[in-house]
Each structure stands twice: as structure tokens, then as C-alpha cells.
Amino acid sequence: MAKQYEHLIINGIRWVDSLPDHEGSVGGKGFPILMNGDLVPEAEAWVCPTVFQITGRQSEIVAAGTGAKANPHIHDADEMYLIVGEKGAVEFCITLGDDVYYLESPSAVYIPAGLPHSIRPTRFDEGCYGGSCQVYLSRDYVTRPVPEHPMKLENTEHLIVRDIQWVKSLPDHEGSVGNLGFPILMNGDLVPEANAWVCPTLFLATARQVGIVEAGTGPKANPHTHEGMRCI
């Protein structure tokens with residue numbers, strides 16, 4: 001018998017052959033989708049994670065400029081580019097309107113609806129763990145071409161978070177990540193326009209971390225609810 005909320009859970013990646021305004025492929029498979037409105041009808045987010053331990057071949061593909069990328073486009077809803085993994089393991093070139101940024105992991109970009117943007121990888125360090133995760137804040141991934149007179153912002157620098165911000169505690173949570181607290185990569189304090197809060201705990205696990213989890217002493221969230229928002 002199915003559990004009441006089992007339909008909210010996605011086990012495994014779903015691969016799609018192509019995405020609008022994107023080129024290339026991830027590992028020759030297309031593009032990986034972990035959440036959207038087709039998978040979970042209640043979902044108000046679309047998630048495309050390309051995060052992995054980097055092989056020599058992947059590093060060479062990026063160095064040659066032939067990695068998967070998104071060309072300039074706009075959306076009718078907000079989006080985030082999350083550059084995650086080991087510090088400095090990957091670098092991406094991201095455009096926001098006419099502004100160009102080269103961002104290393106960990107960092108994040110909040111993209112308001114209507115602002116032209118693009119992303120392409122420029123460096124992957126072999127043997128490291130890292131990549132990007134696109135999070136579009138709508139149930140389905142829909143793009144539009146950049147119009148003749150697109151949205152322009154006088155300053156886009158404030159849309160970028162250039163490193164993890166650590167907090168000592170979170171409500172209804174216990175423990176700590178690496179004795180540092182909890183890592184925050186996006187919220188409304190960091191980017192005023194942000195309608196999202198991101199806490200990434202992604203890494204290659206050490207023997208000590210494995211032992212902590214097996215002992216049941218790792219950080220955790222106790223049962224709680226949220227108002228006026230969805231949680232992924």
C-alpha cells in the first residue's frame with residue numbers, strides 16, 4: 001500500500017535528450033532532471049543537477065569548450081544557478097544582461113524573471129567534486145528568446161553570492177556540518193530579490209563523516225512545517 005506522501009519523492013535522475021536554449025549533453029546522456037511538475041504535481045521548482053566527481057575526460061571536454069551550456073535566454077519566473085562542490089574545483093562563465101562573471105565553486109546566482117542570462121563551464125579540475133545545479137522556480141522549464149529591448153539592471157553584482165555563509169544553528173535542526181554549523185548559499189538576506197533559501201551539504205565523504213552518519217550523530221532536521229513556501 002502506497003504511503004500518503006510517497007508521490008512527493010523522486011528516486012533517481014530522469015534524463016531528457018535536450019533542453020530549450022541549451023547545447024551539448026552531460027556525459028552523452030542528455031540533461032539530468034531531479035524535480036519538476038511532471039514528476040511531482042505539487043512541485044513549483046524544476047531542478048537540473050550536474051554535480052559529480054570529475055574525470056579526466058570531463059575536464060578535457062570543458063577545457064576544449066565543448067561542454068553542455070545554456071545560451072542567452074529569459075524566463076517568466078526566477079531561476080538560480082548554484083555552483084557547488086569543493087572550493088575552486090569548478091569555474092563557470094555566467095552572463096547577466098551585458099555583464100559577464102567567472103565564478104568558482106561554491107557560489108550562486110539569483111536570476112530575476114526577464115533578465116537575460118547564460119551559463120557555460122570553463123574549468124573542471126580532475127579528481128575533484130563539483131558542478132552546477134540549475135533551479136527554475138516554476139513547475140516546467142520554459143524559455144523565451146531575448147527580446148530586442150530586454151530588461152536591464154544598473155548593477156547585477158548584488159545577485160551573486162560568492163561563497164558559503166555559515167550559520168551556527170537552524171530552527172528545528174540538530175547537530176552541525178563539519179563543526180561549522182550549517183552552510184547557506186542563497187537567501188533573502190544575501191540577495192534581496194531571492195525567493196529561495198538554499199543549504200547545500202554536498203561533498204566527497206571522508207571516513208570520519210561516514211562514521212558520524214553511521215553512528216546516527218550527524219546533523220538532522222526534526223519534524224516541522226513551513227508556511228507560504230515549498231521545500232525541496
Translational D in µm²/s for the chain (Stokes-Einstein at 37 °C, 0.692 mPa s, Kirkwood Rh from C-alpha pairs): 174 µm²/s
By a straight-distance test (C-alpha under 27 Å), which lysines pair with residue 152 as possible cross-link partners, with residues fewer than eight away in the same chain excluded? 69
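Using just the helices of the chain, give the 222 nm mean residue ellipticity in deg cm²/dmol: DSSP H runs with n ≥ 4 each add -39,500 (n - 2.57), and the total is spread over all residues, rounded to 500.
-2000 deg cm²/dmol, from helical runs alone.
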Residue exposure sequence - 225, 201, 95 - by fewest surrounding Cβ within 10 Å: 225, 201, 95
Taking the Cα-to-Cβ direction at residue 87 and at residue 199 and moving 7 Å from each Cα, how far apart do the two end points lie in nm? 2.2 nm
Would you report the distance distribution of C-alpha pairs in the stretch 61-198 as whole percents per 10 angstrom bin, up to the bin with the largest distance? 11, 39, 34, 13, 2, 0
Apply the Karplus parameterisation 6.51 cos²θ - 1.76 cosθ + 1.60, with θ equal to phi minus 60°, to every residue of the stretch 130-140 and state each ³J(HN,Hα) to the nearest whole Hz, in sequence, with x for glycine and proline. x, x, 10, 9, 8, 10, 9, 8, 7, 5, 10
Mind jotting down the distance between the C-alpha centroids of the stretch 117-175 and the stretch 32-52, whole Å? 15 Å
Evaluate the distance, in nm, between pseudo-label points positioned 7 Å from the Cα of residue 154 and of residue 227 along their respective Cα→Cβ axes. 3.6 nm
Of 35, 114, 188, whose Cα points farthest to the positive end of the dipole of the stretch 6-221 (charges on the beta-carbon: +1 Lys, Arg; -1 Asp, Glu; origin at the Cα centre)? 35
Could you list the GluC sites (Glu not before Pro) in the stretch 184-232 that lie in coil according to DSSP, counting only those with at most 16 other Cβ atoms within 10 Å of their Cβ? 193, 227
Arrange the following residues from fewest to most other Cβ atoms within 10 Å of their Cβ: 180, 103. 180, 103
In straight Cα distance, which lysines are under 23 Å from residue 3, not counting same-chain residues fewer than 8 positions off? 220
Only counting other Cβ atoms within 10 Å, I'd like 136, 110, 5 sorted with the fewest neighbours first. 5, 136, 110
Evaluate the distance, in nm, between pseudo-label points positioned 7 Å from the Cα of residue 60 and of residue 11 along their respective Cα→Cβ axes. 3.7 nm
Per the 1/(1 + (r/R0)^6) rule, R0 = 41 Å and r from the Cβ atoms of residue 126 and residue 176, FRET efficiency to 0.05 is 0.85
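Taken together, the values in this text are just the output of simple stated rules run on the coordinates, not laboratory data. Just so it is clear, the structure is predicted and the values come from calculations on it, not from any experiment. Quick reminder, even Gly has a Cβ in these numbers, built from the backbone with ideal geometry, and neighbours come from all protein chains shown.
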